[in-house]
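Worksheet: one structure, shown below.
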Amino acid sequence: MLTNFLSRLLRMVIVMFGISVITFLIFFATPGSDPAARIAGRNAAPETIAAVRHDFGLDRPLYVQYALMMDRLFITRDLTSFANRGQKIVPTIVSAAPATLSLVAGAAILWMALGAMTGIIAAAFRNRLPDKILMGASMMAVAMPVFWVGEMINLVTQSRLHDTWAFSWVPPLGYVPFTSDPAGWFLALVFPWICLALLYIGLYGRMLRTGIIETYQEDYIRTARSKGLSARRVLLKHATRTAIIPIVIMFGMDFGVLVGGAAVLTEVVFGINGVGRLTYQALKALDLPMIMATVLYASFFVVVANAIVDVLCVMIDPRMRRK
């Protein structure tokens, strides 16, 4: 077990190192790209560009530039933004991370619970009315764009019906830190959670239904039935336990990517200053250090989420321990 853990940890470190090198080369070693010219601004004099290149160490070999960038990003943590002089990268990302984590974690609880419920109920009533209703609703949820759903929610809760008894409790758009006001934190995130979770509820529900139906064709399911086990026990203990493994794997990928900034549309629509919105603003300004830092931040969560998912899959299905 310890050897397996150390092996996974080593792979994580290697993957993170590879991602950092590739990200650095894309942003700082692309032919025709001159970061110093971007920092200096348009129509800057050659002397100004040369001074900027020297100040930021961009006139040194690539491996030295990489080492300096990683040192300033992870060790000294004094790397500053190219677009906003004086803005430190790491503290900015750290301050934005709780908003994104709160948004994604709450939405993940919703989509896993409701997605699992949708898939199990639909599989139990296969080709009957509950199945058709749930699969139709799931298809609608998958088809609706996140930004459109968010705008419709805001139109109803923030404008048209905000003064009615049903939505008068909805706070203004934005994020409220949990440490300062737990109740305000919850109320501010209720509709962003719903908006972000809708797509995944439909997607996970449909996938779980398909997996359970396919699992019913396995020999061990027939054996369990022949032993006289109830249909409910066969569904929940045997079929669902096997069918949920691909869902757990996909959840790890989705959660890591969303925490890494892929929830940008939800953050922008609901005015949440998270990592996704921070990355979006950095891309508009071509702020290379900020972009590189947020990419590394996102890759870290994806790698860690996948490692956790591997452990969960082994706990769910002990047969995977031999793989």
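Per-structure values
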| quantity | calculated |
| --- | --- |
| For region 82-216, accessible area per residue (1.4 Å probe, heavy atoms of protein chains only), Å² | 52 Å² |
| Spread of Cα-to-Cα distances over 5 Å intervals beginning at zero, given as percent, for region 6-106 | 2, 11, 15, 20, 19, 15, 9, 5, 3, 1, 0 |
| Heavy atoms of LEU196: accessible area, 1.4 Å probe, square angstrom to 10 | 10 Å² |
| Helical contribution to [θ] at 222 nm, DSSP H n ≥ 4, -39,500 (n - 2.57), averaged over the chain, rounded to 500 | -22500 deg cm²/dmol |
| Net charge, GLY271 excluded, C-beta distance under 14 Å - Lys, Arg +1, Asp, Glu -1 | -1 |
| Within the accessible area of region 133-181 (1.4 Å probe), percent carbon and sulfur | 72 percent |
| Heavy-atom accessible surface of region 67-120: percent carbon and sulfur, 1.4 Å | 68 percent |
| Ratio Rg/Rh, restricted to region 131-218 and using Cα atoms, in which Rh is the Kirkwood radius | 1.13 |
| Cα-based equivalent ellipsoid of region 260-314: semi-axis lengths in Å, sorted from largest, via gyration tensor | 26, 15, 6 |
| Burial ranking of peptide ranges 59-67, 236-244 (average Cβ count within 10 Å, highest at the top) | 236-244, 59-67 |
| Mean shadow area of the chain, taken as a quarter of the surface of its Cα convex hull (nm²) | 22.7 nm² |
| Top of ARG53, ARG206, ARG277 by mean-square fluctuation, Gaussian network on the chain, Cα under 10 Å | ARG53 |
| Calculated SAXS-style log₁₀ I(q)/I(0) at q = 0.14, 0.32 Å⁻¹ - region 194-240, Debye, Cα scatterers | -0.42, -1.10 |
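The values are calculated or read from the model by the stated rules, or taken from the named source; none is laboratory data. Not measured: the values here are computed from a predicted model. Note that each Cβ is placed from the backbone with ideal geometry, even for glycine, and that neighbours are counted across all protein chains shown. These area figures cover heavy atoms from the full protein model, side chains too; ligands, DNA and RNA do not enter into them. Shrake-Rupley method; radii C 1.70, N 1.55, O 1.52, S 1.80 Å.
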